[in-house]
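Asks: Here you go, one structure.
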Amino acid sequence: MKALIIHPHLSIKGGGERLTKILAVGLEKVGVEVYVLTSTFEGGFPEFSNLKTILFGQRGSGSIQDNLATIYFTVKDVMKSVSPNIVISMTEDTVVLGLSKVVRRSLKTLQYVHFPCEEEAAGLEETYLKYYRFPGWFNRLFLWSADRIICNSKYTQEAVRRFWGKFATVVYPAIDYIFEDEPENLGSNRENIMLCVGRFTRLKRQDFLVKAFTKIKEQVKDARLVLAGYRDERHEKFLESLLNLDMRDIEFYIDPTDEELLKLYRVAKVYCHPRIGEHFGLTPVEAMSQGAPVVAYNSGGARETILNGKTGYLVADDEEFIERTIQILRMDEEDWRMMQADCVERAREFRPERFISEFASLMAG
């Protein structure tokens, strides 16, 4: 089988881009011939350099019409040169599937949805067009072209039903291959390090965590906050504002390698996930895989991955977020070790082999 996987911007290092890489690498491991189509790979995950990659050839123009033409003629060329059996779109943009069907009506198509609308694009629609991302109203015009819709959580499944009026099959994402190995120091006590990992965007709420840290320090004097994440030039102003806040005992790791992330997860006493209404959330599962209990909001996909009171805490509001973070930092060593062990056990359910197996089964069905 030949599969063409399309993600419009693999130069950004976020959860959706990482999952695209996991899928491409995993499908090749089970014998699928994979081609990846995007606008640019520069600055993204280096593993893409080992795959068969294809470029649109230029940055989007900011015009719907010009972007449609670029995608159409690129897809037409790819259909002729590669002749894939299936096209997989890895964002909520259904436009690429529609244009693929225009080129070859009999083509099998699959839409993977992180969420049926791009919340981060609000007020930045023209910028997102330059990354070949289309407005939600325009994507809905092409829903007919998806033979099957897959999504990342029951939370997103309900959103697909509500926004699109369509049924989506849930296939939970997986941690990346590097996070499959458990830490050698499992069970050892850790310093009072709070860790947060994610692209620097307003919806991720790293700014809340910086402000909350002041209150946490009043209760846990030796607490340290580590903010690790990736630049997103669409939201560069947010990172600039974040760096201008009070930075005492706060460390930044900007654009860390996966090896650096692994080390950070392995020293964190608690993983803080301040986004509200997370669609799924790869980083909390990555943190659990390396023995870091999680504090997150009792909303969105986090409710489907974090076991409240066992692998961390699901909280109702910002005040409880601070309280539970302090609780883990001050937790009795034996209780913390039990929670840590439960985290590692829970994360095993999100290994890439399971994700690839479920995904490949739906491709063949």
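Asks: Tell me the angle of helix 154-164 to the major Cα principal axis of the chain, expressed in degrees between 0 and 90 and rounded to the nearest ten.
Replies: Helix 154-164 sits at roughly 40 degrees to that axis.
Asks: Where is the GNM fluctuation largest for the chain (alpha-carbon springs, 10 angstrom cutoff): 300, 44, 309?
Replies: 309
Asks: If I take every Cα pair under 8 Å that is 6 or more residues apart in the chain, average their sequence separation and divide by the length, what percent do I get for the relative contact order?
Replies: Working: 694 pairs, mean separation 55.6, N = 365.
For the chain, the relative contact order is 15 percent.
Asks: I want to verify a result. In a Gaussian network model of the chain, Cα cutoff 10 Å, which of these has the top mean-square fluctuation: 149, 250, 326?
Replies: The residue that fluctuates most here is 250.
Asks: Sticking with this structure for a sec: Which shape class, rounded, prolate or oblate, goes with region 62-220 when its Cα gyration tensor gives a ≥ b ≥ c as root eigenvalues, a/c under 1.5 marks rounded, and past that a/b bigger than b/c marks prolate? If you can, show how the numbers build up before the last one.
Replies: Details: a/c = 2.36, a/b = 1.84, b/c = 1.28.
Here region 62-220 falls in the prolate category.
Asks: Taking the Cα centroid of region 219-281 and of region 1-41, what is the distance between the two, rounded to the nearest whole Å?
Replies: 26
Asks: Okay, next question. List the pairs from 13/101; 269/310; 101/166; 52/204 whose alpha-carbon separation is above 21 Å, in the order I gave them.
Replies: Details: 13/101 29 Å; 269/310 15 Å; 101/166 19 Å; 52/204 32 Å.
Over 21 Å Cα-Cα: 13/101; 52/204.
Asks: If you plug each phi of region 10-18 into the Karplus form 6.51 cos²θ - 1.76 cosθ + 1.60 with θ = phi - 60°, what whole-Hz ³J(HN,Hα) values come out, in order, with x for Gly and Pro?
Replies: Computed from phi, the couplings for region 10-18 are 8, 7, 8, 10, x, x, x, 5, 5 Hz.
Asks: Next question. In degrees between 0 and 90, to the nearest 10, how far off the longest principal axis of the chain does helix 258-267 point, with axes built from Cα atoms?
Replies: 30
Asks: Run the quick spin-label model on residue 244 and residue 361: label points 7 Å from Cα toward the beta carbon, then report their separation in nm to one decimal.
Replies: For residue 244 paired with residue 361, the spin-label model returns 5.2 nm.
Asks: Further, regarding this structure: Helix 206-219: angle to the longest alpha-carbon principal axis of the chain, degrees 0 to 90, nearest 10?
Replies: 10
Asks: Amide H of residue 169: which non-local residues (sequence gap of 5 or more, or other chain) have their own amide H closer than 5 Å, using H built in the peptide plane?
Replies: For residue 169, whose amide H was placed from the backbone, the distant partners under 5 Å are 149, 150, 151.
Asks: Can you sort 166, 80 by solvent-accessible area, 1.4 Å probe, largest first? Present the calculation step by step, with values, prior to reporting the outcome.
Replies: Numbers: 166 85, 80 180 Å².
Largest to smallest exposure gives the sequence 80, 166.
Asks: Suppose all protein chains stay in the model; what accessible area per residue would a 1.4 Å probe give for the chain, in Å²?
Replies: On the way: 15120 Å² over 365 residues.
Value returned for the chain: 41 Å² of accessible area per residue.
Asks: If one computes the Cα centroid of region 288-365 and of region 148-189, what distance in Å separates the two points?
Replies: Each part reduced to its Cα centre gives a spacing of 12 Å.
Asks: Here's something else I'd like to know. I need the shape label for region 274-365. Rule: rounded when a/c is under 1.5, else prolate if a/b > b/c, else oblate, with a, b, c from the alpha carbon gyration tensor. Walk me through the numbers on the way to the answer.
Replies: Numbers: a/c = 3.49, a/b = 1.64, b/c = 2.13.
Taking the square roots of the gyration eigenvalues as a ≥ b ≥ c, region 274-365 is oblate.
Asks: List the residues, sorted by chain then number, that are 5 or more residues from residue 226 or on another chain and whose placed amide H is less than 5 Å from its amide H.
Replies: Residues meeting the criterion, in which the H sits 1.01 Å from N, are 194, 195, 196, 251.
Asks: Still on this structure, please answer the following. Can you return the aspartates and glutamates within cross-link range of residue 130? Criterion is Cα-Cα under 13 Å, with same-chain partners fewer than 8 residues away left out.
Replies: Excluding near neighbours in sequence, the set is 66, 233.
Asks: Of the accessible area of the chain, with the probe set at 1.4 angstrom, what percent is carbon plus sulfur?
Replies: Of all accessible area on the chain, carbon and sulfur atoms account for 48 percent.
Asks: Hey, what number do you get for the chain at 222 nm if only DSSP H runs of n ≥ 4 count, each worth -39500 (n - 2.57), divided across all residues, to the nearest 500?
Replies: Working: 13 runs with 142 residues, N = 365.
Taken over the chain, the calculation gives -12000 deg cm²/dmol.
Asks: Write down Rg/Rh for region 1-87, rounded to two decimals, with Rg from the C-alpha atoms and Rh from the Kirkwood relation over Cα pairs.
Replies: Values: Rg = 12.8 Å, Rh = 13.3 Å.
Using only Cα positions, Rg/Rh for region 1-87 is 0.96.
Asks: Tell me, what ³J(HN,Hα) does each residue in region 220-228 have, in order and in whole Hz, if you take phi through Karplus 6.51 cos²θ - 1.76 cosθ + 1.60 with θ = phi - 60° and put x for Gly and Pro?
Replies: With the stated coefficients, region 220-228 comes to 10, 4, 9, 5, 10, 10, 10, 10, 10 Hz.
Asks: Now for a different question. If I build a Gaussian network model for the chain, linking alpha-carbon pairs within less than 10 angstrom, which residue out of 344, 82, 96 has the largest mean-square fluctuation?
Replies: The residue with the greatest mean-square fluctuation here is 82.
Asks: Moving on to the next point. Rounded to the nearest 0.05, what FRET efficiency do residue 333 and residue 105 have when you use their Cβ-Cβ distance and R0 = 41 Å? Don't jump to the answer; show the numbers that get you there.
Replies: Working: r = 63 Å, r/R0 = 1.53.
About 0.05, to the nearest 0.05.
Asks: Further, regarding this structure: Of (i) 37, 21, 18; (ii) 41, 21, 21; (iii) 33, 24, 19, which is the value of semi-axes √(5λ) of the Cα gyration tensor in Å derived from the coordinates here?
Replies: This structure yields the entry labelled (i).
The values are calculated or read from the model by the stated rules, or taken from the named source; none is laboratory data. Everything quoted here is computed from the prediction, not taken from an experiment. Virtual Cβ from ideal backbone geometry, glycine too; neighbours counted across all protein chains shown. Note: accessible area is taken over every heavy atom of the protein model, side chains too, but ligands, DNA and RNA are not part of it. Shrake-Rupley method; radii C 1.70, N 1.55, O 1.52, S 1.80 Å.
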